[in-house]
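*Asks:* Before I ask anything, let me first share the structure, which is written out below as structure tokens.
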There are 2 protein chains.
Amino acid sequence: MNIGDAARASGVSAKMIRYYEDTGLIPPAARTAAGYRVYAEQDVHMLRFIRRARDLGFSVEGIRELLGLWRDRDRHSADVKRLALAHVAELRQKIRELEDMASTLETLAECCHGNDRPDCPILSELEAPGADGAVPAKRAGAIKALPATGRRQGPRS
Amino acid sequence: MNIGDAARASGVSAKMIRYYEDTGLIPPAARTAAGYRVYAEQDVHMLRFIRRARDLGFSVEGIRELLGLWRDRDRHSADVKRLALAHVAELRQKIRELEDMASTLETLAECCHGNDRPDCPILSELEAPGADGAVPAKRAGAIKALPATGRRQGPRS
DNA sequence: GCTTGACCTTCCCACCATGGGAAACCCCAT
DNA sequence: ATGGGGTTTCCCATGGTGGGAAGGTCAAGC
């Protein structure tokens, strides 16, 4: 199986498969005499594992740990659980931050007439925040525009 | 006022002020004979505006639009409101995706004994998803490790 | 005046995960 | 043998942010 077939079968793009190999997330693939990477069902299995972990929002580093446990037949499920719950905590933290932003902004928008006049409480608040601390004090980064949802190189869509 | 002072006064790091200038988000600052950037209160005002918009999760491009409206005395508050509500919708969308991930993972974790035995439903699900579609089909990117919350160059902390 | 330390300048590099594209090569079917 | 589609490596871009080096500047204290 060539890399393109593995990509289609796993839902991980060929580009990313090479990247995962480069960064040591997955072991180097076998090669044909001509240098083509060759994949077996087992490799596709692993790629699918990775793909699903990404779908659950794990970072590549997180996946590295998950893969370690996956391959370790003597693993303790407690370790997996700990990893998973730590990730859930991160997700919930992020959700809280986004929710704070959204509700603040929504509140401001509700106060805005939304007509053809220039006065606008949203801009006023950005100019000089009210003492009510409507704008949260903490940074959490912009909304990383949802990276093109939907598998880009998935099984022939 | 030099760039360091403007940074402290606005909560935007000197690095980022230069970056915003480079990318045209803010106009080029005046310079001393020696080439030092010089800022007036008005510039700090604008930087604070930017800073607060970032705190609300706006992207730099979004801020570019906000700044345009801010500077336009003939703006329609409806345009500001539309921008704000569109951003709220983005935030809520992202929240939904993260919430899906978190709840899926939490459910799986609840089913995991979390002991010293190797069998673990979390890994099983990653290996081969149950037909219940526990793993969401869409990608939303990993959790971009919360970028160092707290103003890094804030007003003399 | 001279030194010292804090500041400023530009330029390059790194992160993370992903895609785009070029130049070259390979394989298979007609 | 030719053409089309696969593959290889390599470089570049994204977005926002920081780190750091090499060199210029300024102000305070001696």
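The values are calculated or read from the model by the stated rules, or taken from the named source; none is laboratory data. Note that this is a predicted model, so its numbers are computed, not measured. A quick note on method: Cβ atoms are made from the backbone with ideal geometry, for glycine too, and the neighbour counts reach across all protein chains shown. Please note that ligands, DNA and RNA were not included when accessible areas were found on the heavy atoms of the full protein model with its side chains. Shrake-Rupley method; radii C 1.70, N 1.55, O 1.52, S 1.80 Å.
*Asks:* Got a number for residues in segment A:70-82 being more than 7 Å from chain B (Cβ to nearest Cβ) and buried (at least 17 other Cβ atoms within 10 Å of the Cβ)?
*Replies:* 1
*Asks:* Test of understanding: among B:74, B:22, B:55, which residue is under 22 Å from the mean Cα position of the chain (by Cα) and farther than 26 Å from residue A:102 by Cβ?
*Replies:* Only one candidate qualifies: B:22.
*Asks:* Do we find that residue A:61 is near DNA strand C (Cβ under 9 Å from one of its atoms), open to solvent by 70 Å² or more (accessible area, probe 1.4 Å), of a type in the set (D, E, K, R) and within 14 Å of chain B (Cβ to nearest Cβ) in this structure?
*Replies:* yes
*Asks:* Farther than 30 Å from residue B:92 by Cβ and more than 13 Å from DNA strand D (Cβ to nearest atom) - does that describe any residue in segment A:50-66?
*Replies:* Yes, segment A:50-66 contains at least one residue that is farther than 30 Å from residue B:92 by Cβ and more than 13 Å from DNA strand D (Cβ to nearest atom).
*Asks:* Now, a different point. Quick one: which residue in A:88, A:44 is β-branched (Val, Ile, Thr), on the phi < 0 side of the Ramachandran plot and not assigned by TED's automatic domain parsing to the domain that holds residue A:21?
*Replies:* Answer to the selection: A:88.
*Asks:* Additional query: From the set of residues in segment B:30-58 that are within 16 Å of DNA strand C (Cβ to nearest atom) and of a type in the set (Phe, Trp, Tyr), which is nearest to the other protein chains (Cβ to nearest Cβ)?
*Replies:* Per the stated criteria, the residue is B:39.
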